[in-house]
Amino acid sequence: MSILFAVATGIMFGLGIFQLLRRDLVKAAMGFYTLFTAVNLFMLAAGAFDGEVPAYTDQLANGQPSDPVVQGLLLTAIVISLGSYCLILGLVNVSANRFESVDSHEVDQLKG
């Protein structure tokens, strides 16, 4: 199961970086969300004590309870990533309405 998490996290990180480097602001926002999801998946994969049982189960293989800190961090990270994604989409919406384009190279009035 850890191999599956590692491969999925690596693919999501790569896809997020690829989308983040695009000119289209909507695709860049989707890249941010993919990166947020990859970070959450990474924290979920790293949360088990012994590496055999995932962190979200009630009991580990040796009878110890799972770590509640990982669950709390994941919940907090999901809420923060959703709020950040909403803020990014709002900024893309304002940029699209003001400059009538979502292409980052056509928005030339952002230079300071």
Check: What nm value, rounded to one decimal, do you get for the distance between residue 76 and residue 17 when each label is placed 7 Å out toward the C-beta?
Finding: 2.7 nm
Margin query: Quick check: residue separation of residue 101 and residue 46 times 0.36 nm, minus the Cα distance between them. What number comes out in nm?
Written below: 15.7 nm
Item checked: Gained length - residue 3 relative to residue 69, 0.36 nm times residue gap less alpha-carbon distance -> 21.5 nm
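Readers should treat all values here as calculations from the given coordinates under stated rules, not as data from a laboratory. Model, not experiment: these values are computed from the prediction. Glycine also receives a Cβ, built like all others from the backbone with ideal geometry; neighbour counts cover every protein chain displayed.
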